[in-house]
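Take a look at the structure below.
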Amino acid sequence: MRSLLLLFLALLAIPASVAAQYSRFTVSPLAVLPADSLLKTRMLTSLDGFLRDKDHPEQPSLYTDSAYLKHYTMGFDEIVRIENSKKYSDSNFFRPQLLNVIRLKQSGEYLIKLGFMGMNNGQPIIRKIYSMVGKDRQDRIVFYPAIDWVVRNWNRQQVGNIHYVYPHMLDMDAARRFDRFNTELAGWFGVKPVELLYYDCSNAQELLRIKGVDYDASANYLRRGDSDEDNNIFMSGVGSPWYAHDLVHFYCAKFLPRPVNRAAEEGLAYYADGAWGESFEACLVVLKKYVEDHPGEDLYQTFKKAVTVGDISLKYTINALLLKDKIRRQGIRQALEVLKTENTDEGLDKSLQTHFGLTSGNFNEKIRKLLAAS
């Protein structure tokens, strides 16, 4: 981290002529740019245009490949409006800096390293370091997400409807189990199983890397998933081809009409696969122990306050318990109706009353009875 701070402090010494010519970014004095002056000018001018256009991905740009982005709609979402800082009330706080340009083996392709940093009271605040690929088209550089370059040497394996892309040994038992769950989940929604392109990353940092992120100040969590429902792309950083929790979110986003209540959707994901590596049954044990340890507590208040035990959300576990009971009594299609409400606490309360007869007055008693019977 010390080397990163020194690098960004060195950016303060950037010549004014460079900053003036390319108003949307600065160039690190340590950056190694192409020796060819025409290529260098083309690259810097194109980068300036890309940074101008990146916050409006819905509009065409000379510096991105529209046809490519139609098949990978996540595109450059990691750096859209990244300059904005709510904390410092500044829409242009995290300024982009060109850190380096690395020539790749393939002719005319370059790995572009960008940093986004702000200064507060003389201290550098690094938000993100980001990589993307630039391809020289002679008249301009066109920029691509780094994913294809990062996974160029990864393994590939088709398992049923899942095409896995992975850098390690593939757990075939887990892969086949996930494919079967994909088919089962499709049945919940009354659709054909989605043919997924699954990037099976070893960990959360590797997942960030395939999205072009070398460093992210906010990525302090252990696991992460991502997806592009339009193009049936699924990503996980859990080190396993089994990631049913996020596949539930994928199907909800792809097949349920909006609005959908996120807390109720999390309940369905907990029911299917628990959370944070713990099964639903394990989450239920955590909830039961909490209830036993707090005999006088009103569970409606526990629910409303979104109490967690470790990483386990008691609110989501209660939602999962309710959905399990709904599925047992009326089937999965009726359970999905619970999700179809506004994404607010009020919307969830209304749904719980409509589908389960739960109110603030009877919530505690009914949930305790349901837990005792489960």
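The values are calculated or read from the model by the stated rules, or taken from the named source; none is laboratory data. This is a predicted model, so every value here is computed, not measured. So basically every Cβ, Gly included, is an ideal-geometry build from the backbone, and we count neighbours across all protein chains shown. Note: areas computed on protein heavy atoms with side chains; ligands, DNA, RNA excluded. Shrake-Rupley method; radii C 1.70, N 1.55, O 1.52, S 1.80 Å.
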Tell me yes or no: at least one residue of region 276-284 is open to solvent by less than 40 Å² (accessible area, probe 1.4 Å), in contact (Cβ under 8 Å) with a residue 12 or more places away in the chain, closer than 30 Å to Arg177 by Cβ and touching a helix residue (DSSP H, G or I) at 6+ places or on another chain (Cβ under 6 Å). yes
Looking for whichever is open to solvent by less than 10 Å² (accessible area, probe 1.4 Å) and free of Cβ contacts under 8 Å to residues at least 60 places away in the same chain here; the options are Phe143, Phe116, Phe50, Phe93. Which one fits? Phe116
Of the conditions (1) modelled with pLDDT of 95 or more; (2) part of a loop (DSSP other than H, G, I, E, B); (3) open to solvent by 50 Å² or more (accessible area, probe 1.4 Å), the single one that Glu83 does not satisfy is (3)
Selected residue [over 25 Å from Leu69 (Cα atoms), modelled with pLDDT of 95 or more and of a type in the set (Gly, Ala, Ser)] from Gly239, Gly190: Gly190
Just one of Val151, Val238, Val165, Val191 is touching a Lys or Arg at 6+ places or on another chain (Cβ under 8 Å), β-branched (Val, Ile, Thr) and surrounded by fewer than 21 Cβ atoms within 10 Å (Cβ to Cβ); which is it? Val165
Take region 26-73 and flag every residue that is over 25 Å from the mean Cα position of the chain (by Cα) and among the acidic types (Asp, Glu). Asp36, Asp48
What's the number of the condition Lys254 fails, among (1) in contact with an Asp or Glu (Cβ under 8 Å, 6 or more places away or on another chain); (2) basic (Lys, Arg); (3) assigned to a loop (DSSP other than H, G, I, E, B)? (3)
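Residue-wise test of (1) modelled with pLDDT of 95 or more; (2) among the polar types (S, T, N, Q); (3) over 23 Å from the mean Cα position of the chain (by Cα).
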{"position": "Asp136", "(1), (2), (3)": "yes, no, yes"}
{"position": "Ile147", "(1), (2), (3)": "yes, no, no"}
{"position": "Val150", "(1), (2), (3)": "yes, no, no"}
{"position": "Arg156", "(1), (2), (3)": "yes, no, no"}
{"position": "Gly160", "(1), (2), (3)": "yes, no, yes"}
{"position": "Tyr164", "(1), (2), (3)": "yes, no, no"}
{"position": "His168", "(1), (2), (3)": "no, no, no"}
{"position": "Met172", "(1), (2), (3)": "yes, no, yes"}
